[in-house]
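**Q** Please see the structure below; I have some questions.
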Amino acid sequence: MAVRGTMGRIAFVNLARGSVRRKRPEDELYLKYLGGYGLGAYYLYTQMKPHARPLGPKNQLGFLAGPLTGTPAICGNRFQVVGKSPKTGGFGDANCGGDFGPKMKFAGFDGVFFKGQAKEPVYLVLADGKGELKSATDLWGLDVAATEEKLKALYGPEAAIASIGPAGEAMSLLACIMNDRDRAAGRSGLGAVMGSKKLKAIVAVPTKKVRLADAAKMKADRTAYIQKMRETGLYELFHKFGTSGLTAGAVAGGDCPVKNWAGTAEDFKTASRISDEAVLDVVTRPYGCWHCPIACGGFVKTSGPFAVEGGKPEYETLGVFGAMLLVDDLAAICKVNDLCNRMGMDTISTGATLAFAFECYEKGILTKADTGGLELTWGNAPAVVALVEQIARRQGLGAILADGARAAAKKIGKGASKCAMQIAGEELPMHDPRLSPGLASSYKLDATPARHTQFSAWAAEAGFPVTGLEHLYGGWTPERKYEYAGKAKAHRIQSALMHVINADGCCMFGSVCIPAQAQADFLNAAMGTSWTPEDLVTIGDRIANLRVAFNLREGLKNAEFKVPGRILGVPPLKAGATKGVRVDLETQQREYFAEMGWSPDGVPTAETLQRLGLDFAVSDLHG
Ligand code: SF4
């Protein structure tokens with residue numbers, strides 16, 4: 001019998017041969033890595049030889065739910081996509097809600113891995129514990145909404161579909177993988193990997209149930225923790241406004257970067273036009289991922305030249321197309337959000353790449369001759385919409401920008417790289433280390449750089465509710481956020497907890513509103529374990545080390561990643577909430593490596609790997 005909470009089955013698809021093999025993972029693997037990118041990291045590391053070309057046949061692409069996906073755990077609806085990232089050349093992952101994760105389990109699978117490349121476009125159908133490849137020649141070229149519509153007509157309205165749009169087909173490194181029309185597995189460029197395999201979609205037909213160790217306890221825990229969650233201000237904010245409720249406050253408070261990280265709130269005084277109440281005004285109905293009690297999403301309808309009906313833009317999207325480009329036209333942002341969702345493009349990376357281009361234009365690095373006449377002046381909403389359309393089709397300047405800011409800077413030359421706000425090829429998200437200095441460590445030191453969904457001391461610095469693990473922080477408290485020594489324990493613990501959340505299949509928004517004990521309670525009720533929150537930290541540590549070991553085996557060292565000076569306050573801002581702040585990343589890095597049991601250049605020692613049961617990585621890293 002499979003470990004409770006799991007389906008005990010993963011599909012391994014060889015696209016070159018057109019074969020689907022099903023395998024039951026050993027129970028121990030679920031207990032060591034849970035699922036999501038924990039189990040994903042294990043399979044990528046052990047199945048894939050190093051140095052595969054990210055867009056070549058030897059790269060592997062995995063879709064993995066967790067043991068809490070499709071269960072009553074609060075926000076237990078996530079899946080993770082993993083593969084070698086074509087953006088960074090290292091470990092790649094992307095997290096997604098919607099309904100695909102639960103329904104993949106209800107189709108009988110905890111996950112599916114793809115290797116090889118199909119000769120012609122295909123899609124995979126998962127149903128009743130079986131997998132079958134089908135021709136997707138009539139789907140190739142369709143946008144995400146049309147693809148879902150066509151496949152739902154074939155497999156029924158309850159089927160869930162993960163797919164790529166034209167951006168993924170064209171192997172744009174901005175491409176993501178979508179499900180439930182507007183939910184994106186956005187980061188790491190994994191939509192391009194899916195496109196390189198000529199894999200258009202996966203259809204999950206739900207017929208099964210997840211068997212739990214103690215279903216009654218799980219239900220009772222859900223009720224109790226929902227009550228607890230409702231007592232937090234964060235729940236109120238997410239439930240009423242979604243993440244869009246953060247925008248104006250984040251601009252004013254210094255969390256949201258402005259004008260490609262060089263501006264301040266003074267440059268964008270009209271942020272309220274793209275925030276909370278203004279967004280609520282165009283919302284037609286709310287949206288929640290599968291069985292989510294928060295339901296932070298929604299659908300919008302706007303009028304005017306950019307009239308659109310589509311998904312509600314999230315904070316990251318509003319920040320990157322709004323504050324970063326000084327665009328306060330909400331309809332234009334809704335339009336580009338819809339365009340990105342239909343074409344299957346990560347809004348964070350797309351918007352950040354636009355901000356790069358706008359700064360290049362301001363500095364004369366790009367001219368009208370390069371832009372085909374478009375005036376890339378700050379706040380020019382029509383130019384933003386036009387350029388996103390060009391990127392989606394790899395036309396005009398869009399052909400240069402379609403692989404992100406780092407690749408574009410390389411093609412453009414003339415010092416353009418100074419305008420590219422990215423780390424190791426991944427564009428930065430909309431949270432500023434000058435306000436929460438712990439972010440600088442997450443952005444540089446996690447295996448997937450430039451990701452706000454990887455935690456460190458910054459979660460506490462940003463005021464997220466307590467985890468119940470504060471006694472392990474070694475006396476550090478968030479009031480001391482600008483003291484750089486002494487926060488490494490908090491970094492390790494918060495980061496480990498987030499690795500567990502990403503591996504067990506829960507959404508971070510719900511999970512940060514309840515203590516770490518909730519994750520332990522839900523996992524124990526689902527899997528029949530008796531873990532404490534401290535046990536979960538060990539699992540998180542294991543996942544952190546394995547993801548970094550993947551990078552090191554590829555020859556990538558986080559210690560060598562270059563961080564744009566601007567995000568560290570070099571030069572310092574002359575105004576605004578973080579005026580004069582200069583972030584000391586060196587101290588944070590040095591102490592974090594020591595706390596993790598890594599060498600001064602960020603390599604896990606043999607003892608650390610062995611302590612965490614990662615003996616198989618010792619010879620790769622230490623000969
Ligand atoms: S909180 Fe929002 S993103 Fe998270 S599961 Fe719920 S609806 Fe989805």
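**Q** Within the stretch 513-623, which helices (runs of 4 or more DSSP H) (wholly inside it) include 2 or more residues that are charged (D, E, K, R)?
**A** Working: elements: 516-527, 533-553, 585-596, 606-611, 618-622.
The qualifying helices (runs of 4 or more DSSP H) are 533-553, 585-596, 606-611.
**Q** Here is a list: Asp504, Asp541. Which entry is among the charged types (D, E, K, R), closer than 24 Å to Phe63 by Cα and within 16 Å of the ligand (Cβ to nearest atom)?
**A** One residue alone meets the criteria, Asp504.
**Q** For the stretch 485-495, give me each residue that is open to solvent by 30 Å² or more (accessible area, probe 1.4 Å) and either free of Cβ contacts under 8 Å to residues at least 24 places away in the same chain or outside any helix (DSSP H, G or I) (or both). Walk me through it before giving the result.
**A** Step one: filter the stretch 485-495 for residues open to solvent by 30 Å² or more (accessible area, probe 1.4 Å), giving 485-486, 489, 492.
Passing the criteria: Ala485, Gly486.
**Q** Would you point out which residue out of Val193, Val282 is away from the ligand (no atom under 13 Å from the Cβ), open to solvent by less than 10 Å² (accessible area, probe 1.4 Å) and at negative phi?
**A** The conditions single out Val193.
**Q** Which condition number does Lys411 fail, the rest of (1) free of Cβ contacts under 8 Å to residues at least 12 places away in the same chain; (2) at positive phi being met?
**A** Condition not satisfied by Lys411: (2).
**Q** Let me ask another. Restricting to the stretch 16-27, name every residue that is in contact (Cβ under 8 Å) with a residue 40 or more places away in the chain and open to solvent by 10 Å² or more (accessible area, probe 1.4 Å). Walk me through it before giving the result.
**A** Taking the stretch 16-27 and keeping what is in contact (Cβ under 8 Å) with a residue 40 or more places away in the chain, we get 16-18, 20, 22, 25.
If the condition is that a residue be in contact (Cβ under 8 Å) with a residue 40 or more places away in the chain and open to solvent by 10 Å² or more (accessible area, probe 1.4 Å), then Ala16, Arg17, Gly18, Val20, Arg22 are the ones that fit.
**Q** Scan the stretch 280-292 for residues that are within 21 Å of the chain's Cα centre (by Cα) and touching a residue at least 12 places away in the same chain (Cβ under 8 Å) and report the count. Talk me through it step by step, then tell me what you get.
**A** First, the residues of the stretch 280-292 that are within 21 Å of the chain's Cα centre (by Cα): 287-292.
Subsequent filtering for residues that are touching a residue at least 12 places away in the same chain (Cβ under 8 Å) retains 287, 289-292.
Adding up the residues that qualify gives 5.
**Q** Checking the structure you have, find out if any residue of the stretch 112-130 is in contact (Cβ under 8 Å) with a residue 40 or more places away in the chain, surrounded by 24 or more Cβ atoms within 10 Å (Cβ to Cβ) and in a loop (DSSP other than H, G, I, E, B).
**A** Looking for residues that are in contact (Cβ under 8 Å) with a residue 40 or more places away in the chain, surrounded by 24 or more Cβ atoms within 10 Å (Cβ to Cβ) and in a loop (DSSP other than H, G, I, E, B), one finds none in the stretch 112-130, hence no.
**Q** Pick from Ala559, Ala577: which is closer than 19 Å to Asp601 by Cα, modelled with pLDDT of 95 or more and of a type outside the set (Asp, Glu)?
**A** The match here is Ala559.
Let's see how each residue does on (1) under 24 Å from Ala262 (Cα atoms); (2) open to solvent by 10 Å² or more (accessible area, probe 1.4 Å); (3) out of contact with any Asp or Glu (no Cβ under 7 Å at 6 or more places or on another chain); (4) not aliphatic (A, V, I, L, M):
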| residue | (1), (2), (3), (4) |
| --- | --- |
| Arg566 | yes, yes, yes, yes |
| Leu573 | yes, yes, yes, no |
| Gly580 | yes, yes, yes, yes |
| Arg590 | no, yes, yes, yes |
| Glu595 | no, yes, yes, yes |
| Pro600 | no, yes, yes, yes |
| Pro604 | no, no, yes, yes |
| Glu607 | no, yes, yes, yes |
| Arg611 | no, yes, yes, yes |
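**Q** If you take the residues in the stretch 496-534 that are among the acidic types (Asp, Glu) and open to solvent by 20 Å² or more (accessible area, probe 1.4 Å), which one is nearest to Trp458 (Cα to Cα)?
**A** It comes out as Glu534.
**Q** Are any residues in the stretch 285-303 among the charged types (D, E, K, R) and within 16 Å of the ligand (Cβ to nearest atom), and if so, which ones?
**A** The answer is Arg285, and nothing else.
Conditions (1) in contact (Cβ under 8 Å) with a residue 60 or more places away in the chain; (2) away from the ligand (no atom under 16 Å from the Cβ); (3) in a loop (DSSP other than H, G, I, E, B); (4) not hydrophobic (A, V, I, L, M, F, W, C), marked per residue:
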position	(1), (2), (3), (4)
Gly40	yes, yes, no, yes
Tyr43	yes, yes, no, yes
Thr46	yes, yes, no, yes
Ala52	no, yes, yes, no
Lys58	no, yes, yes, yes
Leu64	no, yes, no, no
Leu68	yes, no, yes, no
Thr71	yes, no, yes, yes
Ile74	yes, no, yes, no
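**Q** I'd like the full set of residues that are surrounded by fewer than 19 Cβ atoms within 10 Å (Cβ to Cβ) and either within 25 Å of the chain's Cα centre (by Cα) or among the small types (Gly, Ala, Ser) (or both), limited to the stretch 214-229.
**A** Selection gives Ala215, Ala216, Ala220, Ala224, Ile226.
**Q** Please find, within the stretch 76-102, the residue that is surrounded by the most Cβ atoms within 10 Å (Cβ to Cβ) out of those that are away from the ligand (no atom under 11 Å from the Cβ) and part of a loop (DSSP other than H, G, I, E, B).
**A** Result: Ser85.
**Q** Also, quick follow-up: Considering only the stretch 306-318, I want to know if a residue exists there that is away from the ligand (no atom under 16 Å from the Cβ), open to solvent by less than 20 Å² (accessible area, probe 1.4 Å) and either touching a Leu at 6+ places or on another chain (Cβ under 6 Å) or polar (S, T, N, Q) (or both).
**A** no
**Q** Would it be correct to say that Gly62 is open to solvent by 10 Å² or more (accessible area, probe 1.4 Å) and closer than 20 Å to Glu132 by Cα?
**A** It is false that Gly62 is open to solvent by 10 Å² or more (accessible area, probe 1.4 Å) and closer than 20 Å to Glu132 by Cα.
The values are calculated or read from the model by the stated rules, or taken from the named source; none is laboratory data. Everything numeric here is computed off the predicted structure, so don't read it as measured data. As a convention, Cβ positions derive from the backbone with ideal geometry for all residues, glycine included, and neighbour counts pool all protein chains shown. To get the accessible areas, we keep the full protein, side chains included, count just its heavy atoms, and leave off ligands, DNA and RNA. Shrake-Rupley method; radii C 1.70, N 1.55, O 1.52, S 1.80 Å.
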